[in-house]
Structure formats: structure tokens, C-alpha cells
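The numbers here are math on the coordinates, done by the rules we state, and not lab data. Quick caveat: nothing in here was measured; it's all calculated off a predicted structure. Backbone-built Cβ (ideal geometry, glycine too); neighbour counts: all protein chains shown.
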Amino acid sequence: MKLSNLLVLSALIFCTSCLENKSNKENVSFEEQRNSEIEKQKEQEEKSFNDKLQNASKIFLKYWEGMTYEEYNKVSKLLMEEGVIEEHTYTVYKYKVGDCNVHITPIFKNDLIYGIKLSNDIECIYPLYKEKYNLPDLVEKSTTKEFYRENNPYYSPRYTFSVGNKIYNLPDCFNDNSFFVEGKSRVNLEDDNLHKEKFLVRDSLIIDNNYTVIKFKQFYYDFNSNIPDNRKSDFYTYSLQENLSNFIKCTDYFDEIGVYGISAGKVINECVKTNSKTRVWRRVVTPVITIEYLSKKEYNKEVEKERNKMQTIQNKKIDNAKRTQEAYDEI
């Protein structure tokens, strides 16, 4: 190789090396700058969090209005370390008060927390609120709202049943010897097995507590309202089921003839439904009490929204009445 060619090759290698070194230095400088910016952002976020933790008005414990989900979790971890709450499930914490099992959950709006809700086992913690805020006692009442007997609309006695290709006679215990309800009316029954629970005296109690409003809400879980219409008949107690010893004899009969499991269950259910003269309906309503902590600003917004809603309904009623009168004059 000629000397001139060697000199050119050496120059090219040298230039390439310089360019690579420069590029590496630029990459390192860019990485350091990015890491520095990330670190500064973290410091700013931590400073902002600590400032809110120290100075923001609290709606409950150390929670404040307008928290992000991340801030809510950070505060919750601090409260766990202080022994105030403990983790129950994802996003739900348990408020540690004696043997009570009260749950804490955030109330979100537009991805920010505007309130804190306490739920589950409120009757356990209620005495503390009663004493501190001079609230009325919880009232113990029966949860039974309806309990009556009526004639069975499915009454159409059967005397035989079939399993596979075989036909069997129903035993005498499927003959209902009880009486029909006279006419088509229902007969209200006395509830001898009263189940009682504690209710608020009103469905809403409001406590004005400086910056916050504490809102007790009571709604009702009605199991019967969640039963589809095509399944409601399965939740009545039929008259053949009321005599337990007799009903056991009926079910034992299927064991004696060798009809078991699903086949026996299906026949029994069908025959009880068709051979019972009457049926009993019991409707049970269970109270569910929650406590919400809201800022006064948010509470006033809720009140205004509800007021506007009621005003809209009232205006519609007035308009409908006016239009009805106009139609009366027109015809």
C-alpha cells in the first residue's frame, strides 16, 4: 500500500473516532439532563404533597378535597403506619375503631377525590357520633315489611309423576289438607320470628362541622325487588312446605323408590308448586347506613343540584296542569 493511501486511511479512522466520542458525550449529557429533570420533578411533587399534607384543609383524617389517586394512597400508607387504618382490599381501608369493621373509600369526581365515605358496620361506630354530635339514638325495628298468605295461582293438583319412561303415584303427603284463603284477598300474618335491625330515625342526618359537612345516609336493600318476575314464584313458601315433618316424609319417599338427586328435586319442586293450596310471601328490607365527609363547598353544590332538580319537576307539573286546562278549553 502506498504511503499516501495509508495517510488517508489513518485520517479517516481518526475523524470517525472523534465523531463517535462526540456523539457518546452528547448522549451522556442528554441522559444526565433528563435524569436531572426527572429528579427535580419528583422533588417538586414531594414538596407539593408535603405542603398539602401540612396545610390543606382536611375533610377527614389527613385526606383533603381535590386529592389525586396517588396522593390518596400515599396518605393512606401514612395512616397505616400510624395505626389509624389498615388495608382491607384494593382501594378500601378499614378504619380501626375497637371491634368495628368500618370501611373507608374515596368519592371521586373528574379523577379527583372530593369526599370520603365510611360504610359497613356503621351501627358499631354510631355511638361515638351520637355522643360527640348529640345525635338521636338508632331505632330498632323489624325488617319485615310484608308478610301475608294468598291462594296459590298455580294450584292444579297432580297425582302421578314420571321419571324416564316410568310413571309413579305421588304419596299422600302431597295432598294438601289446608284451607284456601276466602275470596281473592290476601291475609296479613303475624311475624312470630321477627328479625330486627337498627335504623336511623330519618334517612338523612346532616352535621355542620366547621370546614366539612358530615352526611349520614340511609337506603334500603330489598332482596325481593332484585328477583326477576319469572323467578318470583320460586321464593314463596308453599303450604305443603310448612308442615316440616310431613314434607320430610315426602322427600324420603323418593329415596325409597330409588329416585335421587336432580330428578327427585325437580319433581318435588313441581309438585309442591302445583299441589299447594296457598303460599306465603315475606318481604324483608334491610337498612344500609353510610357516612360521607364532604367540604361545605361540595355539599352546597349537591344541595343546589337537588334544588334545581326538584324545581324542574315542579315546573313540569305546572306546565302539564296548564296545558291540561288549555286542552279542556279547546275541546
Compute the angle between helix 122-133 and the longest alpha-carbon principal axis of the chain, please, reported from 0 to 90 degrees and rounded to the nearest 10. 70
Mean projection area, nm², convex hull over Cα of the chain: 44.4
Please give the net charge around Lys277, taking every other residue with its beta carbon less than 15 angstrom from that of Lys277, where Lys and Arg add +1 and Asp and Glu add -1. +2
In degrees from 0 to 90, rounded to the nearest 10, what is the angle of the helix 296-330 Cα long axis to the longest principal axis of the chain? 50
Quickly rank 158-166, 96-104 as a protection proxy: mean count of other C-beta atoms within 10 Å, highest first. 96-104, 158-166
Part-to-part distance (alpha-carbon centres) for the stretch 62-119 and the stretch 131-163, which is given in Å: 37
If you line up the long axis of helix 244-256 against the longest principal axis of the chain, both from Cα atoms, how many degrees apart are they, to the nearest 10? 80
Where the only charges are on Cβ atoms (+1 Lys, Arg; -1 Asp, Glu), what is the dipole of the stretch 159-239 about its Cα centre, to the nearest 20 debye? 340
Let's test this: bin the Cα-Cα distances of the stretch 125-321 at 5 Å from zero up to the farthest pair and state each bin's percent. 1, 6, 10, 11, 11, 10, 9, 9, 7, 6, 6, 6, 4, 2, 1, 0
Considering the options Gly183, Trp64, Ile262, tell which one lies farthest towards the positive end of the dipole of the chain, charges being +1 on Lys and Arg and -1 on Asp and Glu at the Cβ, about the Cα centre. Gly183
Three principal axis lengths of the stretch 222-304 [C-alpha, angstrom, descending]: 72, 26, 24
How big, in percent, is the set of alpha carbon pairs in the stretch 135-198 lying more than 15 Å apart? 71
What is the sum of charges, Lys and Arg at +1 and Asp and Glu at -1, for the other residues whose Cβ falls under 12 Å from the Cβ of Pro127? 0
Hey, how many Å between the Cα centroid of the stretch 179-235 and the Cα centroid of the stretch 297-331? 30
Once the convex hull of the alpha carbons of the stretch 58-120 is built, what does its volume come to per residue, in cubic angstrom? 76
Using the Cα centre of the chain as origin and beta-carbon charges of +1 (Lys, Arg) and -1 (Asp, Glu), tell me which of Ser142, Tyr126, Thr278 is placed farthest towards the positive end of the dipole. Thr278
Would you list which lysines come within 17 Å of Lys184, measuring only between C-alpha atoms, while excluding same-chain residues fewer than 8 positions from it? Lys277
So what's the back-of-envelope 222 nm ellipticity for the chain, counting only DSSP H runs of four-plus at -39500 (n - 2.57) apiece and dividing by all residues, rounded to 500? -15000 deg cm²/dmol
Bins of 10 Å from zero: percent of alpha-carbon pairs in the stretch 204-247: 20, 22, 20, 15, 14, 8, 1
